[in-house]
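Here's the structure, in structure tokens; my notes come after.
The values are calculated or read from the model by the stated rules, or taken from the named source; none is laboratory data. Only a predicted model underlies this, so the values are computations on that prediction, with no experimental measurement involved. Neighbour counts are summed over all protein chains in view; Cβ atoms, including those assigned to glycine, are modelled from backbone coordinates with ideal geometry. Side chains are part of the model used for accessible areas, which takes the heavy atoms of the whole protein and leaves out ligands, DNA and RNA. Shrake-Rupley method; radii C 1.70, N 1.55, O 1.52, S 1.80 Å.
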Amino acid sequence: MTTSRLPRSAHTSRPWRIHEFTPDFHVEDVWALPTPGGRDDFPALVHGAIAFDTAESSSRTVRGLFALRWKLGEIFGWDGDDSGLGRRVPTLSERLPRELRETAPDPHPSLPFTPLYLLEDEYAAELANRTVHGVLHLSWVPTPDGGYRGQMAVLVKRNGLFGAAYMGAITPFRYLIVYPTMIREIEREWPNRLAQLRNPG
């Protein structure tokens, strides 16, 4: 199964709950994920994606890029407590109804995202720093052969000119290195994730 970047309409045309809470966000990227499965296999995608640890990536380049990003953030204060959720920007969880907030799983220590909610075919998490307020959205979409596959969308609200310049600067690295590597690793782990879900213990 090939990995492909999709048009924004692949995300915006579907009735995801996230649309209700992010009208002021821009859909930055949408990707089809090489994770074929059945109707009930979405949890395997969520578990695999949120467990992705850039520090343990098989790509030395990806590990180096993220290590550089975190170091720059430390030096320039991009990721300080005063630049995150509830400080620089309100958390999106404040826009959610309580019954949706209560579905949020615990955060994973390897990811800087804070979960917002988890449904049977949709997962959303957010982060904020000096550059952007971002949302990671995972979903489970039907395929022409009667099965399902994962889809990933990234939504952002840039923090002024600095945020726009930052996103522009990292775009080539995201498209050429980070996303392809991350998606290949999700694909490589997919059979194991699926087997664990279907045959626990």
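Structure values in brief
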{"read-out": "Where a residue in segment 168-185 is closer than 25 Å to L45 by Cβ and its partner, wherever it lies, is assigned to a helix (DSSP H, G or I) and of a type outside the set (S, T, Y), with Cβ under 7 Å and at least six apart", "value": "F173/L65; I177/V62; I177/L65; V178/V62; V178/L65; T181/V62"}
{"read-out": "Filter pass, A128 being of a type in the set (G, A, S) and either modelled with pLDDT under 95 or farther than 21 Å from P36 by Cβ (or both)", "value": "yes"}
{"read-out": "Segment 154-201, subset touching a strand residue (DSSP E or B) at 6+ places or on another chain (Cβ under 7 Å), closer than 30 Å to T91 by Cα and among the aliphatic types (A, V, I, L, M), residue surrounded by the most Cβ atoms within 10 Å (Cβ to Cβ)", "value": "L155"}
{"read-out": "Where a residue in segment 100-124 is acidic (D, E) and open to solvent by less than 20 Å² (accessible area, probe 1.4 Å) and its partner, wherever it lies, is assigned to a strand (DSSP E or B) and modelled with pLDDT of 95 or more, with Cβ under 8 Å and at least six apart", "value": "E122/H137; E122/L138; E122/S139; E122/W140"}
{"read-out": "Scan of segment 1-58 for residues that are open to solvent by 60 Å² or more (accessible area, probe 1.4 Å), small (G, A, S) and at pLDDT below 95, ordered by number", "value": "A55, S58"}
